[in-house]
Amino acid sequence: MSSTLVFVTLGASAAVWLIFKRTKQPKLPPGIPYVEFEDGDNSNERYFLETRSVTTRGYNKYIKNGQPFSMHNAANTDLPLLVLPHKYLDEVKNAQDHQLNLPKVLDQRAGMDKIGGFLLTDETVSVVRTAMSRAITQLVPGMDEKCIMAYKEFMPPCPDWTPTNPFQLLLKVWTRMISHVMVGPQLSQSDEWLNEMMTFIPTVMAASFALRSYRKSMYWTAKYIQPEIKELYRLRGRVAKLLTPLLEERIAIRAKNRATSGKKKDLHADAVQWFVDEYDVKGLKPRADHLARDMLMLSLVSFLSTAATCLGIIYDMMDRPDSFKEICDEMTRVRKEHDGKVTRQSLAQLVVLDSFMKEGQRTNPINQISMDRLALQDYTFKDGLKIAAGVDVAFANELISEDPAHWGPDAAEFDPHRFLRKRQQQEGKLSQSFQVTSITDDMMPFGNGPHACPGRFLASDGMKMMIMNLIYRYEFKYPEGVTERPENNKGHHTMLPNMKMDMLFREKTTLGFS
């Protein structure tokens, strides 16, 4: 649930566009090598399927020697993607927004402000970083109830082994859970709201692809012509209509309270209220259309990436029965100690699961690159490296996460206790570092620096709840003929778990983690 994780959705849009758009000759930054396929076959289709091989060759030849390299950039064929070595990380993460900018990269990926007026606004970032983070302890019990209800709603009857698509199941469950945070208990249960949220991401992808058929100078005309972009605006309008009664109610209650007490009150723990508060601080008049825009951005940075990450963790657990049993034993103990109640404190005690999840992020990150920034002006690093305005820079997150130089000789192995051991190296006291939400320089699934994903705390707690409730209520296994985690789906710099394969589920006659 982050500005970093939004690249999963936008990367998919850019990758589809890449197949159909001819590659222009890149303008190379002076002195920086350009890496491409060695045999000369640099077709768009090949870049879509095999980008990782180019990235790996550049990483081994240049990054490991402290040199940057450039390569084909699906999001902007006028200038290549500049992949930077680790030594530039501190400068990039601490650069000012007018120098190296994150929101502008999001727009470059899919033209978000051209296809629906969507922007990663200061209000959205503030709501997630401040109000939502403060409210997590209060939100967790209600989210767990929504999780239980959603499994009952969306899991088909399965007294015996029944095929079901786990990704679609997790996506619907998470949509119900995070909608509880976004719009409160009533609207989050609306089928109309659920349908709009589930439709939004594929609609964004279709609209983004349609935009790429235009010259950049004509982007502004696309919303008047392209049916896919028109539909995205219509969807935003429908969401605004759903939000209008709730928004008007909150504004009226606030006005009444101010009239009687002269003070504003934090009335509800949901994003509608937080946005009303944030608009008030910024001196903005609350409008349903603006609220819909900001709510849809929340969904864009949360829905797909969280469900996909959760699915990958489940695959990893199925491949490691000893770890699966250890995690189940931990869940049983923690549930007993907390009398069956799920709280933020109880979730924090699932330290074996937390370590397993972080190792899953390290070995199968959904973004092969991270820390994307767009240079808004010519920029010179401390060692004299100069990049031109318009250059897209990034770090090779996946390759850093498996590099023995960072992780030792067992870097290629999946070690479930890797991060638990690191947490236990504090004289018997469990360190608060090395958790699944911790930000480090040697793996960056949530980005790094001031722009690190502020929603990672809620997303990780949500995934723990989804995994716990799934194990507690159902047995599951691979379909016949599948014995291990299926190969990831790769497209350009995105690497997602297989989301098409059905798994077999069976409802437990006796609830529990055994």
Subject >> Per DSSP, loop GluC sites (Glu not before Pro) in the stretch 436-514 with at most 15 further Cβ within 10 Å >> reply: GLU480, GLU484, GLU487
Original post:
For the stretch 59-104, which semi-axes, largest first and in whole Å, follow from the square roots of 5 times the eigenvalues of its Cα gyration tensor?
Top reply: 20, 17, 6
Original post:
Extent of the stretch 315-459 along each principal axis, from alpha carbon coordinates, in Å, largest to smallest?
Top reply: 58, 33, 33
Subject >> Value of [θ]222 nm, deg cm²/dmol, for the chain, DSSP H segments ≥ 4, -39500 (n - 2.57) each, nearest 500 >> reply: -16500 deg cm²/dmol
Subject >> Charge dipole of the stretch 150-235 about the Cα centre (unit charges at C-beta), most positive-ward option of PHE154, LEU170, LEU211 >> reply: LEU211
**OP:** Let me have the relative contact order for the stretch 346-495, percent, based on Cα pairs under 8 Å that are six or more residues apart.
**Re:** 27
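Let's see if you can work this out: charge +1 on each Lys and Arg Cβ, -1 on each Asp and Glu Cβ, no other charges. What is the dipole magnitude of the stretch 345-399 about its Cα centre, in debye to the nearest 20?
100
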**OP:** With the full set of protein chains in place, find how many percent of the accessible area of the chain is carbon and sulfur; take the probe as 1.4 Å.
**Re:** 51
Subject >> Percent RCO, i.e. relative contact order, over the chain, from Cα pairs under 8 Å lying at least 6 residues apart >> reply: 26
Subject >> Debye, to nearest 20: dipole size of the chain, +1 on Lys, Arg Cβ, -1 on Asp, Glu Cβ >> reply: 1500
**OP:** Report the convex hull volume per residue for the chain, counting only C-alpha atoms, in Å³.
**Re:** 171
**OP:** Report the normalised scattering of the stretch 103-238 as log10 I(q)/I(0) at q = 0.10, 0.20 Å⁻¹, calculated by the Debye formula with identical scatterers on the alpha carbons.
**Re:** -0.46, -1.18
**OP:** Among ASN73, MET198, LEU49, flag the residue with its Cα farthest along the positive direction of the charge dipole of the chain, charges on Cβ as +1 for Lys/Arg and -1 for Asp/Glu.
**Re:** MET198
Subject >> Distance from the stretch 281-310 to the stretch 89-134 (C-alpha centre basis), Å >> reply: 12
**OP:** With an 8 Å cut-off on Cα pairs and a minimum separation of 6 or more residues, tell me the relative contact order of the stretch 24-150 in percent.
**Re:** 19
Subject >> Taking the convex hull of Cα positions in the stretch 306-368, its mean projected area over all directions (nm²) >> reply: 4.5
**OP:** Name the residue farthest towards the positive end of the dipole of the chain from the options THR510, ALA459, MET331, assuming +1 on Cβ of Lys and Arg, -1 on Cβ of Asp and Glu, about the Cα centre.
**Re:** ALA459
Original post:
Taking the Cα centre of the stretch 448-494 as origin and charging only Cβ (+1 Lys, Arg; -1 Asp, Glu), how large is the dipole, in debye to the nearest 20?
Top reply: 160
Subject >> Kirkwood Rh, angstrom, the stretch 255-399 [1 / mean 1/r, Cα pairs] >> reply: 20.4
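The values are calculated or read from the model by the stated rules, or taken from the named source; none is laboratory data. From a predicted model like this one, the values you see are computed outputs, not experimental measurements. Heads up, the Cβs are rebuilt from the backbone with ideal geometry, glycines too, and the neighbour counts pull from every protein chain shown. In case anyone asks, the SASA skips ligands and DNA or RNA and just uses the protein heavy atoms, side chains included. Shrake-Rupley method; radii C 1.70, N 1.55, O 1.52, S 1.80 Å.
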